[in-house]
Structure formats: structure tokens, C-alpha cells
Amino acid sequence: MFSLSAAAILEKNNLASDGAWLILLEVKVSDGTVLRFVRNTENVIWNGETWVAFPFEFSVMGEESKGEIPKVTIQVSNVTRAVQAYLESADGGVGSAATLRVVHSAHLDQMSPELEEVYSVTGVKTDARWVTFTLGIDYPLASRRPARRNLKNFCPFRYGGAECGVSAGVLQDLPTCGKTLADCRQRGNSTRYGGEPSIPQGGLYAS
């Protein structure tokens with residue numbers, strides 16, 4: 001459950017207010033460029049940075065009942081082609097980090113946003129009107145879980161790497177390794193063996 005600051009709760013409960021809830025979009029593209037937009041009619045300064053007023057629309061992330069990974073779509077105006085130019089210089093922008101924040105215009109002196117969500121840009125499309133960002137969750141659910149398997153007679157460490165720890169002299173004499181316990185013993189390195197000899201014969205466990 002999200003918790004609002006005391007100032008935000010007061011603004012939320014006001015029957016009328018001179019301020020407005022602002023949505024900030026920050027996109028960090030791969031070449032180091034940071035794009036900062038605010039859904040507003042004028043620029044704002046928050047956290048020492050200028051957020052440029054830019055029209056954009058976004059879909060709301062809903063709950064999926066079919067096991068699909070939820071996504072958010074954001075459409076940023078492309079009439080001036082300014083955003084498209086930045087993305088073209090960064091190979092399209094896929095893989096960039098995107099952060100959505102919500103702040104209140106009457107409390108821009110507060111350093112922490114009322115809401116913050118971090119995403120990864122999984123797709124970008126452009127046309128004459130819009131640059132459309134498809135945002136996925138920052139945690140890569142599609143990647144392998146668990147990261148590695150525990151095998152009885154196979155070491156998952158890279159030969160000669162930090163986890164393996166075999167000496168430079170051994171690497172020179174024996175430049176390759178079959179990654180078995182016998183190979184590790186031959187190199188006098190069995191204390192760093194990454195396999196699990198205690199697993200019963202034929203057994204396979206994940207870690």
C-alpha cells in the first residue's frame with residue numbers, strides 16, 4: 001500500500017486547490033542522455049532539475065488473469081521530432097530506464113515524490129504524432145530462475161575467474177578444464193569446486 005505525505009493528504013482532502021498533481025517522466029537512454037518531461041502546461045523545477053512541459057498519454061497497468069507480464073504504454077508528442085532525434089542517437093532507446101513519478105505543484109520543495117515506479121523500455125514506436133514507449137517491469141521475470149543449477153559433477157564457475165580462483169601458473173600449464181571434480185583435484189583447487197558432490201547419484205537441484 002502506498003503512503004502519502006501529510007502535505008499530500010491535506011491536498012487530497014481539500015475541496016478546492018490552486019495546485020495540481022503532476023506526472024513526471026524520466027527516461028535515461030543508453031548514451032547517457034536523460035529526458036525529463038512533466039505532464040503540464042509549463043516547465044517545473046523539482047529536485048534541482050528542469051522538467052519540460054510536454055504532452056503525453058499513458059495506459060494504466062491492470063491486473064492480468066492469464067499470467068501475462070503487465071506493461072505500460074506511454075505516448076509522448078512527436079510533432080517537433082525532438083524526442084525521436086534523441087532516441088535515434090541512442091539506437092532506438094530500447095533497454096533504457098524509465099521512471100514515472102507523481103508530485104504536487106504546491107509542494108515542489110519536497111525532495112521525495114508521492115509515487116515512484118521504475119520500468120524498463122521494452123519497445124519504442126514512432127509516427128508523425130507520437131513516440132510510443134512500451135514499458136515493462138524493471139525486474140526481468142523472463143530471465144532464468146534460478147540463475148544456476150547445482151550439479152553433482154560439474155562446476156558452474158568460469159575457469160580462471162574470481163570464483164574459480166585457480167592460479168596463473170596452473171592456467172598456463174592447463175589452459176582448459178572439463179569442470180569436473182577430478183579436473184579440479186588435478187589442479188589442486190578442489191576447495192573452490194563449485195559443484196555439489198553430496199547430491200545423490202543422478203540428482204539435480206536448483207539454487
From the backbone phi of the range 37-42, what are the Karplus-calculated ³J(HN,Hα) couplings (6.51 cos²θ - 1.76 cosθ + 1.60, θ = phi - 60°) in whole Hz, Gly and Pro given as x? 10, 10, 7, 7, 8, 8
Can you tell me the convex hull volume per residue for the range 149-206, based on C-alpha atoms, in Å³ to the nearest whole number? 71 Å³
Taking amide hydrogens as modeled 1.01 Å from N in the peptide plane, which residues meet the under 5 Å criterion relative to residue 52, leaving out close sequence neighbours? 36, 37, 38
At R0 = 41 Å the Cβ-Cβ FRET efficiency linking residue 88 and residue 158, nearest 0.05, sits at 0.65
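Any chance you could run the full-extension gain for residue 191 through residue 174? It's 0.36 nm times the residue separation minus the Cα-Cα distance, nm to one decimal. Intermediate values should be presented prior to the final figure.
Numbers: separation 17, 0.36 × 17 = 6.12 nm, distance 1.79 nm.
Extending this stretch completely gives an extra 4.3 nm.
Sum up the charges of everything whose Cβ sits under 10 Å from the Cβ of residue 167, counting Lys and Arg as +1 and Asp and Glu as -1, but leave residue 167 out. Intermediate values should be presented prior to the final figure.
Values: positive: 187; negative: 173.
Around residue 167, the surrounding residues sum to 0.
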FRET efficiency for residue 59 and residue 109 from the Cβ-Cβ distance with R0 = 45 Å, rounded to 0.05, comes out at 0.90
Find how much the distance from residue 129 to residue 50 grows on full extension, using 0.36 nm per residue of separation minus their present alpha carbon separation; answer in nm with one decimal. 26.0 nm
Which ³J(HN,Hα) values in Hz, rounded to whole numbers, follow from the phi angles of the range 119-136 under the Karplus curve 6.51 cos²θ - 1.76 cosθ + 1.60, where θ = phi - 60° and Gly and Pro get x? 10, 10, 6, 9, x, 9, 10, 10, 9, 5, 9, 9, 9, 9, 9, 9, 10, x
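We did not get these values from a lab; they are worked out from the coordinates using the rules stated. Keep in mind that what you see is a predicted model, and the values were worked out from it rather than measured. No Cβ is skipped: glycine too gets one built from the backbone with ideal geometry, and neighbour counts run over all protein chains shown.
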